[in-house]
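The structure appears below as structure tokens.
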Amino acid sequence: MNDFPSWSKMIKNLAQDILNHIFSGCKQTSLEEYKKRLEICNKCEFLIKGRCEKCGCWINLKARMKSVKCPINKW
């Protein structure tokens, strides 16, 4: 069974990530950094079918935003 956060928590997480992204000038990670983040996530025990079980986000989108951090500080 997947233990993703509640819908309200996931919406809050997404809103915070989007605000951080906007306020940082919508900067994206370099391709190298993006691949590095995905590599870390792909080895993580909390990755479930492309989504982070800790925050509920799709990691392929979250890893692209430079200002956004891993919820358990892996990147």
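The values are calculated or read from the model by the stated rules, or taken from the named source; none is laboratory data. Being a predicted model, the structure only gives us computed values, none of them experimental. Neighbour counts are summed over all protein chains in view; Cβ atoms, including those assigned to glycine, are modelled from backbone coordinates with ideal geometry. Just so you know, the surface numbers come from the protein's heavy atoms only, side chains and all, with ligands and any DNA or RNA stripped out. Shrake-Rupley method; radii C 1.70, N 1.55, O 1.52, S 1.80 Å.
Tabulated data
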item	result
Odd one out for residue 15, checked against (1) more than 15 Å from residue 71 (Cβ to Cβ); (2) exposed (fewer than 14 other Cβ atoms within 10 Å of the Cβ)	(1)
Selected residue (criterion: most open to solvent (accessible area, probe 1.4 Å)) from residues of region 1-12 that are out of contact with any strand residue (DSSP E or B) (no Cβ under 8 Å at 6 or more places or on another chain) and part of a loop (DSSP other than H, G, I, E, B)	1
Lone qualifier among 57, 26, 41 - being free of Cβ contacts under 8 Å to residues at least 40 places away in the same chain and either surrounded by 12 or more Cβ atoms within 10 Å (Cβ to Cβ) or among the aliphatic types (A, V, I, L, M) (or both)	41
Any hit, region 63-75, residues being open to solvent by 70 Å² or more (accessible area, probe 1.4 Å) and not in a loop (DSSP other than H, G, I, E, B)	no
